[in-house]
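Below is one structure; the comments refer to it alone.
The values are calculated or read from the model by the stated rules, or taken from the named source; none is laboratory data. In this text, all values refer to a predicted model and were calculated from it rather than measured experimentally. Here the Cβ positions follow ideal geometry from the backbone for every residue, glycine too, while neighbour counts run over all protein chains shown.
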Amino acid sequence: MNKKRKPKETRDWSIFSKKIGADTERKLKARRNKAPGVWSGLGMMGLIGWSVAVPTLAGAALGVWLDDKTNVEFSWTLTLIIVGLTAGCLNAWHWLSKEGRDINEEQEEKDE
């Protein structure tokens, strides 16, 4: 029953250093796992909106110009608005799927 006990001073430092280590780990984890804020979400919505709006408006402008220059039975404006809208939606879909893959890969690296 002769157990050697560490001096009280050594035990206190050991407990203190464990608490500091746990606090530091918690803070580092919080820094790594920053949740996107409101401004980040608004920025992403704006980026997606512009990636759809710009090709649609460009198609409309080109369509109006072609309608003035050519004499055809169909409307270039309507046709190129649909083409621009389709291209913009595909562009936004591609960009969002890429961002989703990046987020999933980042999450998997954190989990390992």
key: segment 54-112, residues that are aliphatic (A, V, I, L, M) and without any contact (Cβ under 8 Å) to a residue 24 or more places away in the chain   = Ala61, Leu62, Val64, Leu66, Val72, Leu78, Leu80, Ile82, Leu90, Ile103
Residue satisfying condition, being under 30 Å from Lys29 (Cα atoms) and either surrounded by fewer than 16 Cβ atoms within 10 Å (Cβ to Cβ) or out of contact with any Phe, Trp or Tyr (no Cβ under 6 Å at 6 or more places or on another chain) (or both), within set Glu99, Glu73 = Glu99
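Looking at segment 25-51 only, could you name the residues that are in a helix (DSSP H, G or I) and either among the small types (Gly, Ala, Ser) or modelled with pLDDT of 85 or more (or both)?
Hits for segment 25-51 are Ala30, Ser40, Gly41, Gly43, Gly46, Ile48, Gly49, Trp50, Ser51.
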ask   = Just one of the numbered conditions (1) under 16 Å from Ile82 (Cα atoms); (2) at pLDDT below 80 is not true of Val54; which one?
value = (2)
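Okay, residues lined up against (1) closer than 16 Å to Ala53 by Cβ; (2) small (Gly, Ala, Ser); (3) at pLDDT 90 or above:
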residue	(1), (2), (3)
Phe74	no, no, yes
Leu78	no, no, yes
Ile81	yes, no, yes
Leu90	yes, no, yes
Trp95	yes, no, no
Asn104	no, no, no
Glu108	no, no, no
Asp111	no, no, no
Selection status of Ala61, of a type outside the set (D, E, K, R), in contact with a helix residue (DSSP H, G or I) (Cβ under 7 Å, 6 or more places away or on another chain) and at negative phi = no
